[in-house]
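J.: Dropping a structure here in structure tokens format, bear with me for questions.
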Amino acid sequence: MYYINEKTNMLVALLAQYGVKDVVLCPGSRNAMIVNNIAENGNFRVHRFTDERSAAFAALGMCGEDRQPVAVVVTSGSALMNCSPAVVEAYYRHMPLVVVSADRPQEEIGQNVGQTMLQADALRHCTRCSVNLTDAMGDTAYFNHRLVCEALVKSISPVAGPVHINVPLPDVSECEQSDTAPSFDCQPILFRNALASGAALLTSDFDFIFDDARRPILVVGQTTEPLGRMMMTSIRKQMVVLSEPLSDLTSEAFDGIFSNMPSELLPDLVIYVGDNMVCRAINRSFASIGNLKVWRVSAEGDFASPFMHLAGVVRQTPESFLLQLEAYLKEKAASRNNTMGEHLSDTMGEHLSDSMGEECFDNNFLRAWTVAFAEERQRLDEAIDTQRLSAAATVAYIHEQLEDMEYDYRLHYANSTSVRLACRYATGNYVYCNRGVNGIEGCVSTAAGHSLATDARVFCFTGDLAFFYDQNALWNSELSGNLRIVVFNDHRGSIFDRVKGLAASSQRETFIAGYHQADARGITTQNDIGYIAAKTIDEMHLGVVKLLTEETSRPMLLEVFLD
């Protein structure tokens, strides 16, 4: 007999797929479903222990034989804490002990229900990974699957150690039963530690990642340091690359493409390098693709994928991975050319097209994206009214003028609307942005701090709310003339115009978008900052020239009014 419970079935399936052979089972009612289904499953050697402290140490002893993960399953409440001595020992001995604790549903925690305590993260300080499965609404199955995979991977890599998987479950009396073993279709998320000594990715690794993909896309999010651009030339010849100025790779604007994405642009493989993306539509579009595989590349080996569908993780620095990817694609291209030459000499071209189809990606996919990029660029350029003052016209004009400047400069864009303008019109530059958490606080202060660490000219583009929120950034006598600020003032947070569902709110302007009537003149005066106001397109042009060319001993600010 088996219990039918999604979290239980998924957990048991993944324990088997990650190669867990030995499981120590402790008695209890809350963990009864997990205990029963593991004991009924033929993939495990099960061991009975009544005392959880002894059970956890017994599991630790089993780990010592071949240093493979061994699981111990306990019920809710203090049973979990009885495992803590063995967990601490496993932590300092780098042993892959997997603690699985059943828990009460969230609504029963703190309600004087028996055998109940705060179990989530109870062992966090002495584990390599601690996860708490959820019953929350949304894509719960994928979320729980990713958490269990992450925990099981981190029990052995990059450094072995104990992990804790906490599983809130209903009462066993509420679950359906079946005489048939439950089948749960879930694949393990694979992990490749390419930062280990001598562990550079091999051709076979890339062959495995690409598998039978015909429509791969490389997505490059924000990077801490500018990446070299030369390596991307050969990569772009063979696969689509979606990058934003926050990665320093020559990028194409693509946000608008995702608003109505045709099927011929949908990928079957995404390789995700770097951190946050500005574009949110890409997350929803990729998450909706049923047969998509996503491989995540990061130096930390994190399991982050806003696109869901995570199939594998490569622990590698973005720059090293891209260099190895470039070499792999060049090798594949050379091999394909050799194959083509052999076919030409042996068969005078017969079967040539078939050979190419087996060796390379879908060229129609690459061409379709090339057309989409060009159409998006044309749409954005045509959307700018050169006779009307706008934030887009200002950003485009500044970047056009910066191409003629002979000095070194850095670009900072504040969050919300400003950084989205960078993704459209600053595509040839590396852009700094506090994109880690995407908050508007501190955007100006970050640029001000950068200006103190370089002789280069530092430009900061910000909306009005972000600027007024961080006006104390200018309350500093150390700032000099290399800091230049552009404030787009439309007396509100215009980013909220993009949020569906707010148009009907009568409170949007006042309480949500933060309507105000302030300007930056007084702030610049009290802080000895040069001030330029622009309320027409001509005033903006003149102000930009002054902002870019005039030498001053103190910072300068251009405020563009967009009423």
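The values are calculated or read from the model by the stated rules, or taken from the named source; none is laboratory data. This structure is a prediction, so every number in the text was calculated from the model and none was measured. Neighbour counts run over all protein chains shown; Cβ positions are idealised from the backbone, glycine included.
J.: Among the residues in segment 286-299, are any at pLDDT below 95, surrounded by 18 or more Cβ atoms within 10 Å (Cβ to Cβ) and in contact with a strand residue (DSSP E or B) (Cβ under 8 Å, 6 or more places away or on another chain)?
T.: Checked against the condition, which is being at pLDDT below 95, surrounded by 18 or more Cβ atoms within 10 Å (Cβ to Cβ) and in contact with a strand residue (DSSP E or B) (Cβ under 8 Å, 6 or more places away or on another chain), segment 286-299 yields at least one hit.
J.: Considering only segment 453-481, how many residues are assigned to a loop (DSSP other than H, G, I, E, B) and farther than 19 Å from ALA426 by Cβ?
T.: Within segment 453-481, residues that are assigned to a loop (DSSP other than H, G, I, E, B) and farther than 19 Å from ALA426 by Cβ number 10.
J.: Another question, if that's okay. Quick test for you: out of VAL172, VAL148, VAL131, VAL167, pick the one residue that is under 26 Å from PRO105 (Cα atoms) and free of Cβ contacts under 8 Å to residues at least 40 places away in the same chain.
T.: The match here is VAL131.
J.: Name the residues in segment 524-553 that are closer than 23 Å to LEU465 by Cα and either part of a loop (DSSP other than H, G, I, E, B) or hydrophobic (A, V, I, L, M, F, W, C) (or both), would you?
T.: ASN527, ASP528, ILE529, ILE532, ALA533, ALA534, LYS535, THR536, ILE537, MET540, VAL544, LEU547 - these are the residues of segment 524-553 that are closer than 23 Å to LEU465 by Cα and either part of a loop (DSSP other than H, G, I, E, B) or hydrophobic (A, V, I, L, M, F, W, C) (or both).
J.: Return the total of residues in segment 185-222 being aliphatic (A, V, I, L, M) and free of Cβ contacts under 8 Å to residues at least 24 places away in the same chain. Talk me through it step by step, then tell me what you get.
T.: So in segment 185-222, the residues aliphatic (A, V, I, L, M) come out as 189-190, 194-196, 199-202, 209, 213, 217-220.
Filter once more, keeping what is free of Cβ contacts under 8 Å to residues at least 24 places away in the same chain: 199, 202.
So the count comes out to 2.
J.: Take the residues of segment 139-196 that are among the aromatic types (Phe, Trp, Tyr) and under 18 Å from VAL294 (Cβ atoms): which is surrounded by the most Cβ atoms within 10 Å (Cβ to Cβ)? Lay out the reasoning, then the answer.
T.: At the first step, the residues of segment 139-196 found to be among the aromatic types (Phe, Trp, Tyr) are 142-143, 184, 191.
Next cut, under 18 Å from VAL294 (Cβ atoms) only: 142-143, 191.
Working: TYR142: 15, PHE143: 14, PHE191: 21.
Filtering segment 139-196 for residues that are among the aromatic types (Phe, Trp, Tyr) and under 18 Å from VAL294 (Cβ atoms), the one surrounded by the most Cβ atoms within 10 Å (Cβ to Cβ) comes out as PHE191.
J.: Then there's this: Being touching a residue at least 12 places away in the same chain (Cβ under 8 Å), charged (D, E, K, R) and surrounded by fewer than 18 Cβ atoms within 10 Å (Cβ to Cβ): is that true of GLU52 here?
T.: Taking the combined requirement at face value, the residue does not satisfy it.
Yes/no matrix, rows are residues, columns are (1) part of a loop (DSSP other than H, G, I, E, B); (2) in the same structural domain as LEU269 (by TED's automatic domain parsing); (3) modelled with pLDDT under 95:
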residue	(1), (2), (3)
SER335	no, no, yes
GLU342	no, no, yes
GLU350	yes, no, yes
GLU358	no, no, yes
ALA374	no, no, no
TYR397	no, no, no
LEU411	no, no, no
THR427	yes, no, yes
ARG435	yes, no, yes
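J.: For segment 242-261, how many residues meet the condition of being farther than 24 Å from VAL313 by Cβ and without any contact (Cβ under 8 Å) to a residue 60 or more places away in the chain? Can you show your working first?
T.: So the first thing to find is which residues in segment 242-261 are farther than 24 Å from VAL313 by Cβ, and the list is 245, 250-261.
With the extra rule that they be without any contact (Cβ under 8 Å) to a residue 60 or more places away in the chain, the set shrinks to 258-261.
So the answer is 4.
J.: So which pairs qualify, if the first residue must be in segment 500-529 and at negative phi, the second must be of a type in the set (Ser, Thr, Tyr) and part of a helix (DSSP H, G or I), the Cβ gap must be under 8 Å, and the two must be at least 6 apart or on different chains?
T.: Cβ pairs passing all conditions: ALA513/SER494.
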